[in-house]
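Here's the structure we're looking at; comments come further down.
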Number of protein chains: 2
Amino acid sequence: MAVYTDVNEEQLARFLEEYKIGHVRSYKGIAEGSENSNFLLRTDTGSYILTLYEKRVDQSDLPFFLCLMQHLARKGITCPLPVERRDRQLIGELAGRPAAIITFLEGMWMRHPTVAQCGEVGRELAELHLAGADFPMHRANALAVDGWRTLWDGSRDRADSVVPGLVAEVEADFAVLERDWPQDLPGGIIHADLFPDNVFFLGDRLSGLIDFYFACEDFYAYDVAVCLNAWCFEPDFSFNAAKAAALTAGYQSVRPLSAAEQQALPLLARGSALRFMLTRLYDWLTIPDGALVQKRDPLEYVAKLRFHRGVTTPEAYGIS
Amino acid sequence: MAVYTDVNEEQLARFLEEYKIGHVRSYKGIAEGSENSNFLLRTDTGSYILTLYEKRVDQSDLPFFLCLMQHLARKGITCPLPVERRDRQLIGELAGRPAAIITFLEGMWMRHPTVAQCGEVGRELAELHLAGADFPMHRANALAVDGWRTLWDGSRDRADSVVPGLVAEVEADFAVLERDWPQDLPGGIIHADLFPDNVFFLGDRLSGLIDFYFACEDFYAYDVAVCLNAWCFEPDFSFNAAKAAALTAGYQSVRPLSAAEQQALPLLARGSALRFMLTRLYDWLTIPDGALVQKRDPLEYVAKLRFHRGVTTPEAYGIS
């Protein structure tokens, strides 16, 4: 929700010489995206997003993210296309940061997604899974169960100060998740962060997916579980079963879930809720108040975590 | 440097029904502008800036600001043009705030303006003064000497904690400024905040002026003094006489300064430096650290203030 690194006109002009997209006509910092500095860039040839990757992104992961976007776009997934430099590279350096230019995507993200839009998201998520199946690069999920443990080790001491009783709740979650986490579900490339602000619509039509900077390899059904958390709760944190039914039906219209995947959904959704609760809790406790990084209240995900703890069968998510 | 108020898709669609600019295709919060919430809006018909006016702007001033932009644009000053609603009004309401749509201006603001660009700014400032001469609405400068006194009353107690000795320095400034401030220089509509981030360029060509939300009536030469402070110091706070000479020469190529205006410049520049030092000092001392409002270090303007105190003749600003 900020521009961490500003860029001056000489730096930008020099950077653009490496590209074939003409001269800059305007650039404005965008107040979206929580990890990187993003500018909406207009040149003689069109509109683009210029991203400077800040230190929370591991530079060695950038080729994976950008090549994945290129791969998915070629397979028909509407997502930003990294613009190649004259030397065919996708990544340059600007203001001391790794930087890339990607194409601008029309559409807007839904602050209040509808049931129909949840169905579209489920369908597109399955298309993404299919399109990524032959992507040749690899990246493990840094925020899988082991990674959650690390976040928890850095937050546990003060967790009860945020939500009284949270330590006992989360310890019980870890006991179950570390014992029962599935070992052999179908998997491959997942988006891993397909929240409403990463999905653009024009009316009810999904117009594109953005922000692949958490993409990795993991169970496909885990990505469905992330979306259940991200799309199927109301602002008061109540679960909307109609949205979940639409999302899972949309997904299954393209890629049916196996019986094992369906049975695993409650545990995966609980794990996914724990993952987002833990990153928020960790940021909440460790980022100073004056910092530019937006801190989000972990309470939302404490509520979602509690919901999924009570779910035992996939019917709760609209799967029959 | 933030979006204070977000807008959801239903609110925006309903708001746009009042306009004849088609349907929204995208909107993104812009990390620029320190007082209001700004979105870059793209519709079927083009690009626009959507502004929600936050509480630091007095609603009763909005017609003045927006009509002034309309007036100046008709007179040939390149500035954003407020878009009329179907009911011919320029201001509506969105997310509980007064809101307006203005046209998008190509160009970018210079982080490192050149001498030539300072000349362009001076020239355009004079054109603005001429174009505003027959604007029929009125607005006093809320940040004239009386207003500085109010800011100082709210900051003095803790001013020495920011810069040791500042209280004595500023009290001496007030004594001089309140005694010697000119009473009868030529005046009319001034921009009053023509900082580099409010002036767009395409190369060395000035492509437009934005952000008229401090515009008011005051001495024209005071606006020149504001620009001397805003454009003619280097990042290390040293004064760049070549930039000042270019700025004042550019101004005088369109509107020559009278002898009285020239003689008043050192005092006006000192007053203008005090004005920006005081707003920054006040914000520095009163805005909580976690707030979204960007706080700028008052030290920059303490240095500029000290420079102008030592200036006795307009030659220092390149006027011979």
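Among the candidates B:Q11, B:Q59, B:Q89, which residue alone is free of Cβ contacts under 8 Å to residues at least 24 places away in the same chain and out of contact with any helix residue (DSSP H, G or I) (no Cβ under 8 Å at 6 or more places or on another chain)?
B:Q89
Being open to solvent by less than 10 Å² (accessible area, probe 1.4 Å) and within 14 Å of another protein chain (Cβ to nearest Cβ) is the filter here; which residues of the stretch A:69-102 pass it?
If the condition is that a residue be open to solvent by less than 10 Å² (accessible area, probe 1.4 Å) and within 14 Å of another protein chain (Cβ to nearest Cβ), then A:P80, A:L94 are the ones that fit.
Only one of these is at pLDDT below 95 and of a type in the set (D, E): B:D6, B:D87. Name it.
Unique residue meeting the criteria: B:D6.
Would the stretch B:1-15 turn up any residue that is surrounded by 20 or more Cβ atoms within 10 Å (Cβ to Cβ), within 19 Å of the chain's Cα centre (by Cα), away from every other protein chain (no Cβ under 12 Å) and closer than 24 Å to A:A31 by Cα?
no
Within the stretch A:20-32, track down each residue that is touching a residue at least 24 places away in the same chain (Cβ under 8 Å) and open to solvent by less than 30 Å² (accessible area, probe 1.4 Å).
A:I21, A:G29, A:I30, A:A31
Would you mention how many residues in the stretch B:194-224 are in a loop (DSSP other than H, G, I, E, B) and either aromatic (F, W, Y) or crowded, with 21+ Cβ neighbours inside 10 Å (or both)?
Selection size over the stretch B:194-224: 8.
In the stretch B:31-50, what residues are within 11 Å of another protein chain (Cβ to nearest Cβ) and not basic (K, R)?
Hits for the stretch B:31-50 are B:A31, B:E32, B:G33, B:S37, B:N38, B:F39, B:L40, B:L41, B:T43, B:D44, B:S47, B:I49.
So which residues in the stretch B:199-212 are touching a strand residue (DSSP E or B) at 6+ places or on another chain (Cβ under 9 Å) and more than 14 Å from chain A (Cβ to nearest Cβ)?
Residue satisfying the conditions is B:L209 alone.
Please state which of the following conditions B:A133 fails to meet, knowing it meets all the rest: (1) among the hydrophobic types (A, V, I, L, M, F, W, C); (2) in a helix (DSSP H, G or I); (3) open to solvent by 30 Å² or more (accessible area, probe 1.4 Å).
Just one mismatch for B:A133, condition (2).
Residues checked against (1) at pLDDT 95 or above; (2) surrounded by fewer than 24 Cβ atoms within 10 Å (Cβ to Cβ); (3) more than 16 Å from B:V121 (Cβ to Cβ):
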{"position": "B:A230", "(1), (2), (3)": "yes, yes, no"}
{"position": "B:T248", "(1), (2), (3)": "yes, no, no"}
{"position": "B:Q252", "(1), (2), (3)": "yes, yes, no"}
{"position": "B:R255", "(1), (2), (3)": "yes, yes, no"}
{"position": "B:A260", "(1), (2), (3)": "yes, yes, yes"}
{"position": "B:L278", "(1), (2), (3)": "yes, no, yes"}
{"position": "B:T286", "(1), (2), (3)": "no, yes, yes"}
{"position": "B:R296", "(1), (2), (3)": "no, yes, yes"}
{"position": "B:Y301", "(1), (2), (3)": "yes, yes, yes"}
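State all residues of the stretch A:225-267 that are free of Cβ contacts under 8 Å to residues at least 60 places away in the same chain and in a helix (DSSP H, G or I); if no residue qualifies, say none.
A:A225, A:V226, A:A230, A:A259, A:Q262, A:Q263, A:L265, A:P266
Please find, among A:L105, A:L66, the residue that is within 13 Å of chain B (Cβ to nearest Cβ) and either open to solvent by 20 Å² or more (accessible area, probe 1.4 Å) or in contact with a Pro (Cβ under 8 Å, 6 or more places away or on another chain) (or both).
A:L105
With respect to A:T51, is the statement that it is in contact (Cβ under 8 Å) with a residue 24 or more places away in the chain, among the β-branched types (V, I, T) and surrounded by fewer than 21 Cβ atoms within 10 Å (Cβ to Cβ) true?
no
Could you tell me whether any residue of the stretch B:109-120 is more than 25 Å from B:V3 (Cβ to Cβ), over 19 Å from the mean Cα position of the chain (by Cα) and within 14 Å of chain A (Cβ to nearest Cβ)?
The answer is yes, given that some residue of the stretch B:109-120 is more than 25 Å from B:V3 (Cβ to Cβ), over 19 Å from the mean Cα position of the chain (by Cα) and within 14 Å of chain A (Cβ to nearest Cβ).
The values are calculated or read from the model by the stated rules, or taken from the named source; none is laboratory data. In this text the structure is predicted, and so the values were computed from the model without any measurement. Ideal geometry is used to build each Cβ from the backbone, glycine not excepted, and the neighbour counts take in all protein chains shown. For accessibility, only protein heavy atoms count, side chains too; no ligands or nucleic acids. Shrake-Rupley method; radii C 1.70, N 1.55, O 1.52, S 1.80 Å.
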